[in-house]
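K.L.:
Just passing along the structure, written as structure tokens.
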Amino acid sequence: MRVTRIDEERRLALCAARDGATSTVEVELVAPVALGDSLLVHAGVALVHLTHEEVAA
Amino acid sequence: MKFVDEFRDAELGRAVAGEILASVEPGRHYKVMEVCGGHTHSIYKYGVDDLLPANVELVHGPGCPVCVIPMGRVDDGIAVAREPGVIFTCFGDMMRVPGSEGSLLEAKARGADIRMVYSPLDALRIAKANPERQVVFFAIGFETTAPSTALTLKRAKAEGVANFSVMCSHVTIVPPLRALLDSPDLRLDGFIGPGHVCTVVGARPFDFIPADYDRPVVIAGFEPLDILQAIQMILRQLDDDRCEVENQYKRVVPHEGNQRALEVMAEVFELRPHFEWRGLGFISHSGLKLSDAYADWDAELRFSVPGVRVADPKACQCGEVLKGVIKPWECKVFGTACTPERPIGTCMVSSEGACAAYYNFGRFAREREVV
């Protein structure tokens, strides 16, 4: 899912799936995140930051 | 889409399948277990099975979170859901798992306030919106889902949400794999490792498989090419007489997993001495419960939970399917008395269950074969 809005204080982000559906995601486990980042999300929690260097390479 | 489309390329898939065909030893039978129910689903959805040589057999493992929940645990959930003033929340596929007197969905139809949620955070929101009610989340799943429950509990504690609690049925993947490897029923040549569990736990917990049992493991993604490539890597290890944990899913799975997730889980959960698995029986240190620091949010301490062990229906062979001893279609009730619309066994309930995957995508091919 792609990050579209960030609430840093509450460690939450609004994320959009590829079909456009949006949901609130807990990003504490992958913080910090930036607008446009891709995250692997499971059960409302981001588990992997897909835009980190290892993945982007 | 990056990371997805290129792993669904049919031409590349056929090329890898051709390389697999050329590499197998004629006369040797290869048995490879895909541990995760997500892999089982993809294998049937994309027809990966049909691309493999006849002597490469895929065996479906115990990694479907819903499938391994025993009937007694469903009955426990229904008992809590029937308590006055309770809003009981769970994932959608859990609602259809049969207990001894029906499913959570049927209990809802009979008047219990049972609601489907997409994440435990949704359940916490319901609790905050209904302070006069007790809101319980039925937590199931492997290490992929457990961090979500753990973070929700941390949030509940930090925000002082006292009317929220969790009925914890989380399980861990290594103990059942060890039980399967110790079982005389099954001879396996290698494992397709559970990609999404490994995003949390990393690759290291699977080192015992090559070290203690001399079997290769390849952690894999969930697209058809991921699975084909993982099978090819396993066969290569066997051909080279190598035995190690390899990571095919490097674009997503870091070798060390997610350390923050592991720390949160260690704070919120502790291992149960035993936990009952459907079809596999009681396995030591395979289930999670809330730690003492979170005892105030433990639904099993807050409510009266019967905790009665219930035997599976005689006709149901989910246990043998989960152990990979029989194929879904070899079960006596597959596709007749047991269907996704009216499941008898758990493997027919979830889209990750081997029986449901085979029923939805694979049975027609099998029927053609029989004809």
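K.L.:
Consider the stretch B:64-118. How many of its residues are basic (Lys, Arg) and out of contact with any Ser or Thr (no Cβ under 8 Å at 6 or more places or on another chain)?
P.N.:
3
K.L.:
Could you tell me whether residue B:275 is more than 13 Å from chain A (Cβ to nearest Cβ), touching a residue at least 12 places away in the same chain (Cβ under 8 Å), among the hydrophobic types (A, V, I, L, M, F, W, C) and not in a loop (DSSP other than H, G, I, E, B)?
P.N.:
yes
Yes/no per residue for (1) under 19 Å from the mean Cα position of the chain (by Cα); (2) surrounded by 21 or more Cβ atoms within 10 Å (Cβ to Cβ); (3) outside any loop (DSSP other than H, G, I, E, B); (4) modelled with pLDDT of 90 or more:
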position	(1), (2), (3), (4)
B:31	no, no, yes, yes
B:39	yes, yes, yes, yes
B:67	yes, yes, no, no
B:73	yes, yes, yes, yes
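K.L.:
Can you tell me which residue is surrounded by the most Cβ atoms within 10 Å (Cβ to Cβ) among those in the stretch B:110-156 that are assigned to a strand (DSSP E or B) and within 14 Å of chain A (Cβ to nearest Cβ)?
P.N.:
B:137
K.L.:
Hey, another quick one. Checking the condition within 28 Å of residue B:185 (Cβ to Cβ) and either within 16 Å of the chain's Cα centre (by Cα) or in contact (Cβ under 8 Å) with a residue 40 or more places away in the chain (or both), which residue from B:4, B:16, B:86, B:35 passes?
P.N.:
One residue alone meets the criteria, B:35.
K.L.:
Let me ask another. Please find, among B:179, B:129, the residue that is small (Gly, Ala, Ser) and at pLDDT 95 or above. Explain how you work it out, then say what you get.
P.N.:
Values: B:179 fails: at pLDDT 95 or above.
None of the other options fit; the residue is B:129.
K.L.:
Now, a different point. Scan the stretch B:183-195 residue by residue and report those that are surrounded by fewer than 24 Cβ atoms within 10 Å (Cβ to Cβ) and farther than 17 Å from residue B:240 by Cβ.
P.N.:
B:183, B:184, B:185, B:186, B:187, B:188
K.L.:
Residue B:125 passes all but one of (1) within 30 Å of residue A:30 (Cα to Cα); (2) in contact (Cβ under 8 Å) with a residue 24 or more places away in the chain; which number fails?
P.N.:
The number of the failed condition is (2).
K.L.:
Within the stretch B:197-212, take every residue that is surrounded by fewer than 23 Cβ atoms within 10 Å (Cβ to Cβ) and in contact (Cβ under 8 Å) with a residue 40 or more places away in the chain and give me the one that is farthest from the other protein chains (Cβ to nearest Cβ).
P.N.:
Pass one, the stretch B:197-212, residues surrounded by fewer than 23 Cβ atoms within 10 Å (Cβ to Cβ): B:202-205, B:207-208, B:210-212.
Add one more test, that the residue is in contact (Cβ under 8 Å) with a residue 40 or more places away in the chain, and what stays is B:202-204.
Details: B:202: 11, B:203: 14, B:204: 17 Å.
Step by step, filter the stretch B:197-212, then rank; the result is B:204.
K.L.:
Could you list all residues from the stretch B:95-109 that are surrounded by fewer than 20 Cβ atoms within 10 Å (Cβ to Cβ) and not in a helix (DSSP H, G or I)?
P.N.:
B:100, B:101, B:102
K.L.:
Please state which one of A:48, A:27, A:33, A:3 is surrounded by 17 or more Cβ atoms within 10 Å (Cβ to Cβ), touching a Leu at 6+ places or on another chain (Cβ under 9 Å), within 9 Å of chain B (Cβ to nearest Cβ) and in contact (Cβ under 8 Å) with a residue 12 or more places away in the chain. Explain how you work it out, then say what you get.
P.N.:
Numbers: A:27 fails: within 9 Å of chain B (Cβ to nearest Cβ); A:33 fails: within 9 Å of chain B (Cβ to nearest Cβ); A:3 fails: within 9 Å of chain B (Cβ to nearest Cβ).
Selected residue: A:48, the only one of A:48, A:27, A:33, A:3 that is surrounded by 17 or more Cβ atoms within 10 Å (Cβ to Cβ), touching a Leu at 6+ places or on another chain (Cβ under 9 Å), within 9 Å of chain B (Cβ to nearest Cβ) and in contact (Cβ under 8 Å) with a residue 12 or more places away in the chain.
K.L.:
I'd like the residue in the stretch B:222-266 that is surrounded by 21 or more Cβ atoms within 10 Å (Cβ to Cβ), within 11 Å of chain A (Cβ to nearest Cβ) and in contact with a Lys or Arg (Cβ under 9 Å, 6 or more places away or on another chain) and, out of all such residues, is farthest from residue B:145 (Cα to Cα).
P.N.:
B:257
The values are calculated or read from the model by the stated rules, or taken from the named source; none is laboratory data. Model, not experiment: these values are computed from the prediction. Ideal geometry is used to build each Cβ from the backbone, glycine not excepted, and the neighbour counts take in all protein chains shown.
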